Amino acid sequence: MTIEPTGQLIPTPTGYDLILTRVYRASADDVWASVTEPERTARWFGPWRGEAAPGRTVEVQMVFEESAPWCPLRIEACEPPRRLAVSMEDEAGSWSMELLLAETDGTTELRLVQHLASTEHLGETGPGWEYYLDMLTAARTGGPRPDFEDYYPAQKAYFESLA
């Protein structure tokens, strides 16, 4: 199955922003719940535990990754239902991202923005986020879960060409 990538790469003063967008026929509050409530994040990314608040660190389990590790995730900003900014460090390095929601007439646009210092791992990172956002869509609609093999390595060249 061919999945068309949606990612865009925008230069910034400190590097690049990788931006991926999905649109849902739902209120921003409902989409916000899908990306912040642990029982709902478990359906597409993984559950999380801890006391969530700006400046605090929670643990998120990346259940769809090999060995399903629990990883610390720092909440940098939380502005329901418009903006969630987080950062994380793992064996692949450190990363920073935001989820930005905008509602218009009962439709909500979700933008995932990963702030990158370089484009070094773009060919792996981009397909991964496309997969996770389609997992979110499947969880919201009750549709079948996507197969990661349809994203990587199939989308690697597309994302590498953005750099």
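The values are calculated or read from the model by the stated rules, or taken from the named source; none is laboratory data. This is a predicted model, so every value here is computed, not measured. Glycine also receives a Cβ, built like all others from the backbone with ideal geometry; neighbour counts cover every protein chain displayed. Note: areas computed on protein heavy atoms with side chains; ligands, DNA, RNA excluded. Shrake-Rupley method; radii C 1.70, N 1.55, O 1.52, S 1.80 Å.
Data table
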item: Inter-residue pairs, beta-carbon under 8 Å, first on the phi > 0 side of the Ramachandran plot and in the stretch 54-72, second of a type in the set (Gly, Ala, Ser), 6+ apart; result: 68/46
item: Filter result (open to solvent by less than 30 Å² (accessible area, probe 1.4 Å), farther than 14 Å from residue 112 by Cα and either out of contact with any strand residue (DSSP E or B) (no Cβ under 6 Å at 6 or more places or on another chain) or assigned to a helix (DSSP H, G or I) (or both)) within the stretch 21-33; result: 28, 33
item: Single residue of the stretch 34-53 satisfying the filter (touching a residue at least 12 places away in the same chain (Cβ under 8 Å) and part of a loop (DSSP other than H, G, I, E, B)) that is nearest to the chain's Cα centre (by Cα); result: 45
item: Selection status of residue 126, in contact (Cβ under 8 Å) with a residue 24 or more places away in the chain, at positive phi and not charged (D, E, K, R); result: no
item: Listing of strands (runs of 3 or more DSSP E) fully contained in the stretch 54-162 that carry 1 or more residues being modelled with pLDDT of 95 or more, of a type in the set (S, T, N, Q) and more than 17 Å from the chain's Cα centre (by Cα); result: 57-61, 93-104, 107-116
item: Condition check for residue 15: at pLDDT 95 or above, open to solvent by 40 Å² or more (accessible area, probe 1.4 Å) and at positive phi; result: no
